[in-house]
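Heads up: the structure comes next, in structure tokens.
The values are calculated or read from the model by the stated rules, or taken from the named source; none is laboratory data. As the structure is a computational prediction, the values presented were derived from the model and not from experiment. So basically every Cβ, Gly included, is an ideal-geometry build from the backbone, and we count neighbours across all protein chains shown. Note: accessible area is taken over every heavy atom of the protein model, side chains too, but ligands, DNA and RNA are not part of it. Shrake-Rupley method; radii C 1.70, N 1.55, O 1.52, S 1.80 Å.
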Amino acid sequence: MLQEESDLSLIIAHIVQKLKGSSLYAQLERQAWTSLQRPEIKLESLKEDIKKFFKISGWEKKLQNAVYSELSVFPLPSHPAAPPEHLKEPLVYMRKAQGSWEKRILKSLNSMCTELSIPLARKRPVGEQKELLNKWNEMGTDEPDLSLFRPVYAPKDFLEVLINLRNPNYENGDSLSFRTHLGLIQVPLKVKDIPELKESFVELSLNTGQLGIDDSTQVPPELFENEHVRIGQKVLEEQDSAAAQQYIRQGSPTALRAELWTLILNISSQPEDILYYEQLKTNVIQHDLLVDSLIYKDVKLTASNDDYYFVFEDYLYQVLLCFSRDTSVLSHFAYNSASPPKSYIRGKLGLEEYAVFYPPNGVIPFHGFSMYVAPLCFLYHEPSKLYQIFREMYVRFFFRLHSISSHPSGIVSLCLLFETLLQTYLPQLFYHLREIGAQPLRISFKWMVRAFSGYLATDQLLLLWDRILGYNSLEILAVLAAAVFAFRAVNLMEVTSLAAAEAVLADLSTLKVMPLLQIFLFATVT
Amino acid sequence: MAGKVKWVTDIEKSVLINNFEKRGWIQVTENEDWNFYWMSVQTIRNVFSVETGYRLSDDQIVNHFPNHYELTRKDLMVKNIKRYRKELEKEGSPLAEKDENGKYLYLDFVPVTYMLPADYNLFVEEFRKSPSSTWIMKPCGKAQGKGIFLINKLSQIKKWSRDSKTSSFVSQSSKEAYVISLYISNPLLIGGRKFDLRLYVLVSTYRPLRCYMYKLGFCRFCTVKYTPSTSELDNMFVHLTNVAIQKHGDDYNHIHGGKWTVSNLRLYLESTRGKEVTSKLFDEIHWIIVQSLKAVAPVMNNDKHCFECYGYDIIIDDRLKPWLIEVNASPSLTSSTANDRILKYNLINDTLNIAVPNGEIPDCKWNKSPPKEVLGNYEILYDEELAQGDGADRELRSRPGQSLGPKGSRSRDSGRTGLTTWK
């Protein structure tokens with residue numbers, strides 16, 4: 001009991017400290033001061049009266065949402081004496097691997113920089129600044145020469161690193177047993193099996209109504225859809241983050257999705273947020289970064305060619321260029337196994353006083369990065385709101401898809417989960433693919449790294465991301481990947497090469513996500 | 001009658017020919033005995049012109065109505081709609097109801113349009129009422145965006161005023177006639193870009209009116225950001241969404257072709273604007289298509305050998321009001337992307353399934369009522385017989401709680417009365 005109590009007080013202290021620095025605190029303080037003028041606030045019972053006032057006026061709800069948000073995002077120190085690296089990543093060998101991967105990326109970036117003789121950053125001349133400001137809403141029409149730029153890395157490079165990950169304390173032995181993992185990932189992390197997944201994802205079961213299944217045209221809306229929409233509207237009225245997160249596990253109605261995600265991610269568009277975005281925009285205008293060209297190139301290679309997202313090309317620049325300069329993103333490195341790359345002012349290499357994080361937000365984009373933003377353009381058309389939502393999605397979820405960690409939602413665990421599910425429940429298929437040199441992870445890796453963006457139809461993708469938010473976990477990506485293989489198993493059993501397997505799985509745009517997940521989890525004989 | 005359908009076409013497009021061949025039909029030439037002729041608009045003019053005295057027999061079907069231009073020529077379409085509105089107004093139909101500014105409540109779906117040079121003076125009067133407006137000049141007989149330009153000053157169209165004042169009006173050759181319409185300068189923008197909707201509508205008969213709408217329409221986006229600024233009036237890449245024009249822009253992309261499906265549009269609008277206004281928008285789009293067909297039905301030569309697949313161009317403004325821009329008799333069968341090719345192939349396939357039942361030699365006397373199973377991606381848009389027969393709601397795609405409900409049911413009643421007077 002004592003341990004739990006001290007844990008709880010640690011948690012409380014931690015959250016209080018975090019919230020004290022937030023704008024919500026300032027707002028609450030201001031509200032408390034102005035409430036003193038109200039007739040119902042009496043000096044004798046000041047504390048109680050103000051608390052009552054907060055409850056009625058909805059400010060307590062806002063505070064509740066903020067606390068809930070903190071609990072969801074920030075992992076809490078497992079032991080008061082744990083060093084901060086443990087918050088980033090408790091396992092030493094993973095930290096080391098992430099460190100050397102980062103060194104490689106930075107080296108690649110620096111050598112590109114030297115080869116092309118382009119500085120990592122430079123101040124724009126005034127004329128150029130004016131031009132960019134005029135073109136801010138149509139940067140897509142700019143055609144800078146990007147032929148010499150290459151993406152710093154692509155998902156398949158990252159996969160090679162993960163394949164070579166080994167735990168030095170773990171001795172597998174050379175003999176094959178039924179416990180041998182036949183996949184590419186060879187680290188002993190704990191992943192869930194189907195019974196455990198069924199428990200975690202209980203709201204996806206066959207007996208529970210789902211959007212993505214029970215709202216199809218053949219099903220009369222009175223059966224599920226109408227009631228679900230009504231409850232969604234109620235949740236929005238109450239402005240309750242936790243309730244929204246629970247609700248969205250069954251999917252979000254299209255008309256309510258934008259607001260629900262805003263509520264769950266606890267985004268409020270205060271004037272200072274809009275101002276902050278404008279400030280970032282000014283930073284973009286004034287300084288040119290090398291990563292900007294990488295972003296341009298990525299958008300041109302991916303989103304511009306996509307049937308769904310090409311329309312939003314300009315929004316992507318407006319979001320990603322600002323994102324690179326947003327130093328508030330640095331705070332997420334406290335719980336990210338990655339660390340922001342450091343660069344040095346010209347001529348002062350190695351001198352810590354002249355070190356800066358590069359890019360300012362510490363995130364180097366890779367090939368396909370812009371696809372994290374693209375689906376959000378279907379929901380938010382106001383740039384600063386779109387920006388806030390993306391940033392929050394990144395620091396809660398997406399960063400885990402390209403950093404090496406032992407977290408259950410980290411890409412390593414997702415890969416292992418995928419392979420284990422396939423090996424355990426579709427052993428024949430797994431063995432066959434392995435025999436023909438088509439390790440399944442080689443095909444599904446890119447889906448998971450991009451959270452399926454660009455592979456699924458947009459309406460299906462949004463239903464999938466509803467569940468990511470609802471369960472506050474990315475495990476569903478691995479489950480879906482396995483479900484896709486299960487769905488196409490018959491065709492896959494017939495192929496005889498990796499290329500043919502890729503062809504069978506090349507087009508996912510006709511897939512319906514929720515039935516696949518439901519069948520795989522709840523209707524497959526285990 | 002046994003034997004395979006014999007087909008002819010003067011449009012060498014693979015989406016057509018592949019569809020004929022997959023049905024096992026036999027290609028013949030124009031001079032031989034043919035059953036099915038997919039012809040261009042020039043050819044249909046010859047077939048039905050008085051001089052040639054062409055008589056089609058019962059087992060021959062063509063893909064155009066003889067006087068389709070009543071709907072597909074910009075000036076005639078406007079003329080017919082204006083006439084239709086006046087008629088409804090005269091008979092006191094609630095459809096022709098106007099608001100306090102004199103604008104039709106339910107029938108105001110074509111931007112204010114005048115014929116030039118005939119209506120020049122009327123146009124000038126209207127222009128002077130709102131001198132900062134922009135107008136779009138379109139030649140009556142051309143397509144693919146050819147010859148279109150924008151004006152915002154009377155001086156830019158002096159030529160027509162000179163002609164109308166100086167010459168005693170002799171019928172102009174139809175090639176030089178223009179229509180001038182109020183330009184919709186507040187189009188709905190997505191991603192900052194202007195777009196229009198292309199929807200396919202199949203009409204199998206005008207009296208009784210039976211029409212189908214293809215579910216897979218698409219949006220065509222301009223490659224350049226929209227700006228109403230006057231300096232960009234000459235930049236056709238900003239203003240015209242025709243693919244024929246956009247294809248030559250610097251940023252034209254051959255993978256997606258600047259096209260979005262209508263279902264993408266729907267998802268985007270529902271997510272950003274809400275479900276009710278989106279449903280209302282789509283109901284209104286169906287409404288204006290049906291009204292436009294009703295407007296020309298009385299003047300159409302309802303030849304039983306004919307069916308027609310129209311390409312409707314619609315623009316949505318930023319208040320989510322749809323506007324009918326024009327109707328094309330010969331929608332392009334060229335495919336600009338792979339997806340496009342698939343769409344057009346399926347479009348022709350479903351069209352043929354409805355127009356030539358069972359793929360057998362046709363009998364033009366059949367009742368033109370195909371079974372539901374062959375509709376494919378088409379949906380019944382309006383079936384006059386059914387609407388009159390049991391009064392059930394067939395007019396708009398049935399959807400619970402449609403916001404056009406009360407208005408719709410009222411209109412159906414008066415629609416029926418309207419039709420009986422025509423009969």
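The dipole here belongs to chain A: it is taken about the Cα centre, uses +1 on the Cβ of Lys and Arg and -1 on the Cβ of Asp and Glu, and is about 1180 debye. For residue B:24, the shell of other residues with beta-carbons less than 12 Å away shows a net charge of +2, using +1 for Lys and Arg and -1 for Asp and Glu. Legend: distances between Cα atoms for B:82/B:103; B:6/B:372; A:385/B:259; pairs beyond 20 Å are B:6/B:372; A:385/B:259.
Taking a straight line from the alpha carbon of residue A:62, these aspartates and glutamates sit under 20 Å away, with near neighbours fewer than eight places off in the same chain left out: A:29, A:48, A:49, A:70, A:237, A:238, A:240, A:259, A:272, A:273, A:392. A convex hull fitted to the Cα coordinates of chain A yields 204 cubic angstrom per residue.
Our compactness index for the range B:93-137, the C-alpha radius of gyration over the empirical 2.2 N^0.38 Å, is 1.36. Across the range B:58-151, the mean sequence separation of Cα contacts (distance under 8 Å, 6 or more residues apart), normalised by length, yields a relative contact order of 18 percent. Surface exposure of the protein assembly as shown, expressed per residue as accessible area with a 1.4 Å probe, stands at 46 Å². Label-to-label distance, residue B:207 versus residue A:230, with points set 7 angstrom from Cα along the beta-carbon direction: 5.0 nm. Residues of the range B:188-220 whose accessible area, computed with a 1.4 Å probe over protein heavy atoms, drops by at least 10 Å² once all protein chains are present relative to their chain alone are B:190, B:191, B:193.
Buried on complex formation within the range A:360-400 (loss of at least 40 square angstrom of accessible surface versus the isolated chain, 1.4 Å probe, ligands and nucleic acids ignored): A:378, A:381. Annotation for the A:B interface, with buried accessible surface near 2100 Å², both sides summed [1.4 Å probe; non-protein components not counted].
Efficiency by 1/(1 + (r/R0)^6): what FRET value for residue B:349 and residue A:500, r their Cβ-Cβ distance, R0 = 25 Å, to the nearest 0.05? With R0 = 25 Å, the Cβ-Cβ based efficiency is 0.30.
Of all aspartates and glutamates in the structure, the ones whose alpha carbon falls short of 12 Å from that of residue B:321, not counting any fewer than 8 places away in one chain, are B:108, B:283, B:284.
Both radii are taken from the alpha-carbon atoms of the range A:1-74; with Rh as the Kirkwood radius, Rg/Rh is 1.06.
The slack in the chain from residue A:30 to residue A:118, taken as 0.36 nm per residue of separation less the alpha-carbon distance, amounts to 26.8 nm.
Listed by chain and number, the aspartates and glutamates whose alpha-carbon sits under 16 Å from that of residue A:192, ignoring those within fewer than 8 places in the same chain, are A:419, A:475. FRET efficiency for residue B:263 and residue A:488, Cβ-Cβ distance as r, R0 = 30 Å, nearest 0.05? For R0 = 30 Å, the calculated efficiency reads 0.80.
Taking only the C-alpha atoms of the protein assembly as shown, Rg followed by Dmax gives 32.2, 105 Å. Solvent-accessible area of the protein assembly as shown (1.4 angstrom probe, protein heavy atoms only): carbon and sulfur portion equals 54 percent.
Identify the residues of the range A:135-171 with backbone N under 20 Å of a label point that sits 7 angstrom from the Cα of residue A:86 along the Cα-to-Cβ direction, or state none. In the range A:135-171, the label zone of residue A:86 (backbone N under 20 Å from the point 7 Å along Cα→Cβ) covers A:168-169. By the equivalent-ellipsoid construction on the alpha carbon gyration tensor, the range A:373-511 comes out with semi-axes of 29, 17, 11 Å, ordered largest to smallest. Pairs exceeding 18 Å between alpha-carbon atoms, taken from A:107/A:281; A:300/B:344; B:79/B:129; B:22/B:365; A:18/A:51; A:103/A:342: A:107/A:281; A:300/B:344; B:79/B:129; B:22/B:365; A:18/A:51.
Computed from the C-beta positions of residue A:136 and residue A:23 and an R0 of 25 Å, the FRET efficiency is 0.40 to the nearest 0.05.
Partner shielding of A:301-311 amounts to 5, given as the average count of beta-carbon atoms from other chains within 10 Å of each residue beta-carbon. Full extension of the chain between residue B:49 and residue B:363 yields a length gain of 110.8 nm, computed as 0.36 nm times the residue separation minus the alpha carbon distance. When the P(r) of the range A:201-271 is calculated, the portion above 13 Å amounts to 64% of the C-alpha pairs.
One chain, two ends: residue A:64 and residue A:206. Fully extended at 0.36 nm per residue, the span grows by 47.9 nm beyond their Cα-Cα distance.
Do any residues of the range A:117-142 lose at least 10 Å² of accessible area when the full set of protein chains is present rather than just their chain alone, and if so which, with a 1.4 Å probe? Residues of the range A:117-142 that lose at least 10 Å² of accessible area once the other chains are added: A:137, A:138, A:141. Modelled spin-label separation between residue A:164 and residue A:355, with each label point placed 7 Å from Cα along the Cα-to-Cβ direction: 2.5 nm. With a/c under 1.5 counting as rounded, go ahead and sort the range A:290-410 into rounded, prolate or oblate using the C-alpha gyration tensor (a ≥ b ≥ c being the square roots of the eigenvalues; past the cut-off, prolate if a/b is larger than b/c, else oblate). Note, shape of the range A:290-410 comes out prolate.
Within the range B:6-70, all pairs of alpha-carbon atoms sorted by distance into 5 Å bins from zero give the percentages 4, 16, 27, 27, 16, 8, 3, 0.
Annotation for residue A:12 and residue A:279: the two label points, set 7 Å from Cα along the Cα-Cβ direction, are 3.3 nm apart.
Here the Kirkwood formula puts the hydrodynamic radius of the range A:118-165 at 14.3 Å, using every distinct Cα pair.
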